[in-house]
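Q: One structure coming up, written as structure tokens, with questions to follow.
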Amino acid sequence: MKWINELTDGDHVYGPLLVVGVSKGTTDKGLSYLNITFQDKTGNIEAKKWDVTEDDLDTVVPGGVIYVEGIVNLYKGQPQVKVTGVSKVNDLSEVDLTNFQKVSPIPLDEMKKKLDWYLNSFKDKDVEKITKAVISHFYDRYITYPAAVKIHHEFGSGILHHSLTMADVAEQVSKIYPRVDRDLLVAGALMHDIGKTIEYENPLTPSQTLEGKLIGHISIMYAEFKKIVDDLHIESEVPVLLEHMILAHHGKLEFGSPVLPCTREALLLSMIDLMDSKMMILDKAYDATKDGEWTEKLWMLDNMKFYKPKQR
């Protein structure tokens, strides 16, 4: 069948899809239905299943890949699947799981090459030693895990994508403002979100771990960073400067940072982090909006709507 981003009004759906969300509703007449969110690597689509049975409830569970049959209708201008049948995939070897995880639009091999370039670009040997040690410790998850469940960079290799974009901005900012410590700022960009490799689990349908819910990625990263760096026995102030950047990268206490940014590099890191997350949120909203029209209200952007200019 077609990929989700290719589905249009009247298309028939028959094939495996990933269930990323499901909730049960009841009509005015007391009949049960399911609101479902399906996903493949190209995106998500909302769906409804009427005349719900106990078998349906047992089959349609978040995180499961199931066979779906239905037809696409337009609802408020957006494609939605009217599900007519569902069944379990009894053997996951029957399907290619990579078809159901959204991934970075930038090929992983390309991002790995850029990461290697940054890791070998540091002039400060303490920064180089720390950054290589920390990223090496988390490498497999760092290059594959999403950076969020829903909000921004919530796709495979999202942490890497987000970190490299920030490093690119940091590189340019350090050229414009020569007093900025380029190595510290780039290292902070590369490492600031590595705690998310522990905060989240199951990259196919990411959810928070117990540690993620109770502690959060900033505090997790600080603890992990300190353990790794203490073993390096570095005597300069570089470790504490990077620790401060990690702790302060959300910029404000109410945004989850235990401390406020108190160095030039920590302040810039928090600003670059916020900018990149907001640009990604806006990109997603624009992708779902036609030229010359307005987005939905975006709660992460002060609940504002944004106009998508016509192409010219």
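Every number in this text was worked out from the coordinates using simple rules, so none of it is lab data. All of these numbers come straight from a predicted model, not from anything done at the bench. Ideal geometry is used to build each Cβ from the backbone, glycine not excepted, and the neighbour counts take in all protein chains shown.
Q: Place a +1 charge on the Cβ of each Lys and Arg in segment 108-284 and a -1 charge on the Cβ of each Asp and Glu, then give the dipole magnitude about the Cα centre in debye, rounded to the nearest 20.
A: 300
Q: Let me ask something else. Between LEU92 and LYS310, with labels modelled 7 Å along Cα→Cβ, what's the label distance in nm to one decimal, could you check?
A: In this crude label model, LEU92 to LYS310 measures out at 4.9 nm.
Q: Residues of segment 72-92 with backbone nitrogen within less than 16 Å of a virtual label 7 Å along the Cα-to-Cβ line of GLU54, please, listed as ranges.
A: What the label zone holds, given the 16 Å backbone N cut-off, is no residue at all.
Q: Suppose only helical runs count, i.e. DSSP H with n ≥ 4. What mean residue ellipticity at 222 nm does that imply for the chain under -39500 (n - 2.57) per run, divided by all residues and rounded to the nearest 500 deg cm²/dmol?
A: Using -39500 (n - 2.57) per qualifying helix, the result is -12500 deg cm²/dmol.
Q: Moving on. What do you get for trypsin sites (Lys or Arg not before Pro) in segment 152-233 restricted to DSSP loop and a cutoff of at most 15 other Cβ within 10 Å of the site's Cβ?
A: Sites meeting the loop and neighbour criteria: ARG179.
Q: Are there any GluC sites (Glu not before Pro) in segment 1-94 that are in a DSSP loop and have at most 12 other Cβ atoms within 10 Å? List them by number.
A: The qualifying sites: there are none.
Q: By its C-alpha gyration tensor, with a ≥ b ≥ c as the square roots of the eigenvalues, how is segment 108-284 shaped: rounded for a/c under 1.5, else prolate for a/b larger than b/c, else oblate?
A: Cα axes put segment 108-284 in the rounded bin.
Q: Which of the residue pairs LYS24/LYS213; LYS2/LYS41; LYS41/LYS213 have a Cα-Cα distance greater than 20 Å in the structure shown?
A: As for pairs spanning more than 20 Å Cα to Cα, those are LYS24/LYS213; LYS41/LYS213.
Q: Please compute the volume of the convex hull spanned by the alpha-carbon atoms of the chain and report it per residue in Å³.
A: That works out to 170 Å³ per residue.
Q: Apply the a/c threshold of 1.5 to the C-alpha gyration tensor of segment 4-98 and tell me whether it is rounded, prolate or oblate.
A: Here segment 4-98 falls in the oblate category.
Q: Another question, then. Quick one: which residues, 5 or more positions from VAL103 or on another chain, have an amide H under 5 Å from its amide H? H modelled 1.01 Å from N in the peptide plane, none for Pro or chain starts.
A: GLY156
Q: Between ASN73 and LYS227, what is the label-point separation in nm under the 7 Å Cα-to-beta-carbon projection?
A: 5.3
Q: For the chain, which DSSP H helices look membrane-span-like by this rule: Cα extent along the axis of 30 Å or more and mean Kyte-Doolittle of at least -1.0?
A: Those that pass (Cα extent of 30 Å or more, hydropathy at least -1.0) are 264-287.
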